[in-house]
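The values are calculated or read from the model by the stated rules, or taken from the named source; none is laboratory data. Remember, predicted model here, so these are calculated numbers, not experimental data. Cβ placement follows ideal geometry from the backbone for every residue including glycine, while neighbour counts extend to all protein chains displayed. Accessible surface areas use protein heavy atoms only, side chains included; no ligands, DNA or RNA. Shrake-Rupley method; radii C 1.70, N 1.55, O 1.52, S 1.80 Å.
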Number of protein chains: 2
Amino acid sequence: MQWCRCGMLTQERKAHILAVLQREGRVVAKAVSQTLGLSEDTIRRDLRELAAEGRLQRVHGGALPASPALADFAGRTKVSPEGKIAVGRAAAALVRPGQVVFVDGGTTAVQLARHLPPDLRATVVTHSPSIAVALVDHPTVEVELIGGRLFKHSIVTTGAAAIEAIARIRADLFFMGVTGVHPEAGLTTGDAEEAAVKRALARQSAETVVLASAEKIGAASRYLVLPVAEVSTIVIESRLPQVAASAYTALGVRLLTAK
Amino acid sequence: MQWCRCGMLTQERKAHILAVLQREGRVVAKAVSQTLGLSEDTIRRDLRELAAEGRLQRVHGGALPASPALADFAGRTKVSPEGKIAVGRAAAALVRPGQVVFVDGGTTAVQLARHLPPDLRATVVTHSPSIAVALVDHPTVEVELIGGRLFKHSIVTTGAAAIEAIARIRADLFFMGVTGVHPEAGLTTGDAEEAAVKRALARQSAETVVLASAEKIGAASRYLVLPVAEVSTIVIESRLPQVAASAYTALGVRLLTAK
DNA sequence: CTTGACTATGCACGAAATTGCACGAATCCT
DNA sequence: AGGATTCGTGCAATTTCGTGCATAGTCAAG
């Protein structure tokens, strides 16, 4: 497989599509076909294949970002709300009165915040302004916000200031969100700074609880946060097959099924 | 006719509707159709579908947020939206490229954040998670969040940690929200901690600009932040009577009328 | 060198989707 | 109550999608 007559490798074409997607946040099939001088069928085929690989989200007329790296926060909220809600509710039930808990950013964590019992007296420490805003209406929970430079993609603060502020606090629990949970690859996320902040939070907590909605299980992202063995609990959406579950329990991790 | 090729994919349009909904707390079908240059039928169809998915609540003429939590926040924002929007927009125009500005909490300040020019390159430092969230969608503005204990009533952080973090930064401008602006009583607010944080922010800024929607003028709250003479500009909603204005200009303060 | 398998691309055609328009009904404002 | 706006549905025009098939080029084996 060498050359197509237009002098562009298939791989190059796909790379071009992804580049356009990254640069402009969208791809229009017809526009690409005109730019490259190829038929729309070819572009549509590429789009289908890229969608099958999960590299983009196919929509009528073209494609939009599907990767967590580019999808905007509002868009991600809809991905699988039921699962995230269930995981968030199950995790919220783990908080005991009087505890100080770290809550990570992310949509699942927002669900956790919303499902904290209305009469719970506890302190939530978070580096996510979204979590803080979500807890404004809670009558009894105290909120402590970790400052720092805002990483807009995840809506969390990062950087030296954040790490420093975290180092001054010790918490009972840390509810961690990740983008990948894999027995061997470990707990992973898509940004190095974010991973560092998560590690700092885990280091200052007696226990770490991972919030893992269904699509995260078995996935892996670019940056390792922690090996699976270093957390105490993973909250999952639905029961795993016995064989998959044992891969985690063998590492001393408790699996908590949300529903 | 080439509607579909006008650069707006259906999914993008829905995302836009949801973004407007989140930003402004409501969506008006006609307004969206004019903004996007599409027929109202199309927008109404989108609204129906989004409502069927439970992502918003359909009402006559447009839509409202589905989530009561969001509706609540939006409701507070709407107390006197026109005036606050006008003041926010006028204040946003004061920011020069490359500047570092403190932005206070409050609904007027949120309007400021929303009206920062989309191509403005600047750094916003804020102790309000609401401001941080409002700026997530801004493409070029850097956001630095001041951590601390969350004062839920105003949705800002306060306390020693906040004061300390503020002391490490110097800004060109500070956009301050207050609850009272009075020539003799000065600039006042309803909480002592909040007043202290505002003072700390003013101390670290070259200039302080007060955001004063109409109902604040001539009012006074319990805690003094600063005397009027110590700020450089007060942005007001509409022109004051000559005699009232001179009470401020005599103190060396510039009055900036929003509209 | 020839032949067969394979891939990539383009074209055709029916199916599906999207959009604007028309018209009557429902709803809102004055 | 009356006028105006908005809503919902049906319909037509256009675009886009998916599949099947033909063509061209490449690779590997004989």
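Within the range A:28-51, track down each residue that is away from DNA strand D (no atom under 11 Å from the Cβ) and either within 11 Å of A:Gly62 (Cβ to Cβ) or open to solvent by 30 Å² or more (accessible area, probe 1.4 Å) (or both). Explain how you work it out, then say what you get.
Taking the range A:28-51 first, the residues away from DNA strand D (no atom under 11 Å from the Cβ) are A:35-38, A:50.
Answer for the range A:28-51, where residues must be away from DNA strand D (no atom under 11 Å from the Cβ) and either within 11 Å of A:Gly62 (Cβ to Cβ) or open to solvent by 30 Å² or more (accessible area, probe 1.4 Å) (or both): A:Thr35, A:Leu36, A:Gly37, A:Leu38.
Working only within the range B:218-259, note down all residues that are among the hydrophobic types (A, V, I, L, M, F, W, C) and within 18 Å of the chain's Cα centre (by Cα). Steps first, please.
Just the residues of the range B:218-259 that are among the hydrophobic types (A, V, I, L, M, F, W, C), to begin with: B:219-220, B:224-226, B:228-229, B:231, B:234-236, B:240, B:243-245, B:247, B:250-251, B:253, B:255-256, B:258.
Matches in the range B:218-259: B:Ile234, B:Val235, B:Ile236, B:Leu256, B:Ala258.
Just checking, does the range A:158-179 include any residue being within 22 Å of A:Ile85 (Cα to Cα) and surrounded by fewer than 19 Cβ atoms within 10 Å (Cβ to Cβ)?
For the range A:158-179, residues within 22 Å of A:Ile85 (Cα to Cα) and surrounded by fewer than 19 Cβ atoms within 10 Å (Cβ to Cβ): absent.
Right, A:Gln242: within 19 Å of A:Val103 (Cα to Cα) and not charged (D, E, K, R) or not?
Spelling it out, it is not the case that A:Gln242 is within 19 Å of A:Val103 (Cα to Cα) and not charged (D, E, K, R).
May I ask you to list the residues in the range B:123-146 that are more than 9 Å from chain A (Cβ to nearest Cβ), open to solvent by less than 10 Å² (accessible area, probe 1.4 Å) and either touching a residue at least 60 places away in the same chain (Cβ under 8 Å) or farther than 18 Å from A:Ser130 by Cβ (or both)?
B:Val125
Among the residues of the range A:167-197, which ones are touching a residue at least 40 places away in the same chain (Cβ under 8 Å) and within 12 Å of the chain's Cα centre (by Cα)?
A:Met176, A:Gly177, A:Val178, A:Thr179, A:Gly180, A:Val181, A:Leu187, A:Gly190, A:Asp191, A:Glu194
Let me confirm something: among A:Ala245, A:Ala250, A:Ala229, A:Ala219, which residue is within 12 Å of A:His182 (Cα to Cα) and open to solvent by 40 Å² or more (accessible area, probe 1.4 Å)? Walk me through how you get there before you give the answer.
Values: A:Ala245 fails: open to solvent by 40 Å² or more (accessible area, probe 1.4 Å); A:Ala250 fails: within 12 Å of A:His182 (Cα to Cα); A:Ala219 fails: open to solvent by 40 Å² or more (accessible area, probe 1.4 Å).
None of the other options fit; the residue is A:Ala229.
What are the residue pairs meeting all of these: first residue in the range B:25-44, first residue in the same structural domain as B:Val59 (by TED's automatic domain parsing), second residue in a helix (DSSP H, G or I) and more than 10 Å from DNA strand D (Cβ to nearest atom), Cβ atoms under 6 Å, and 6 or more apart or on different chains?
Close Cβ pairs (under 6 Å, with a partner that is in a helix (DSSP H, G or I) and more than 10 Å from DNA strand D (Cβ to nearest atom)) amount to B:Gly25/B:Ala74; B:Gly25/B:Thr77; B:Val27/B:Ile17; B:Val27/B:Val20; B:Val27/B:Leu21; B:Ile43/B:Val32.
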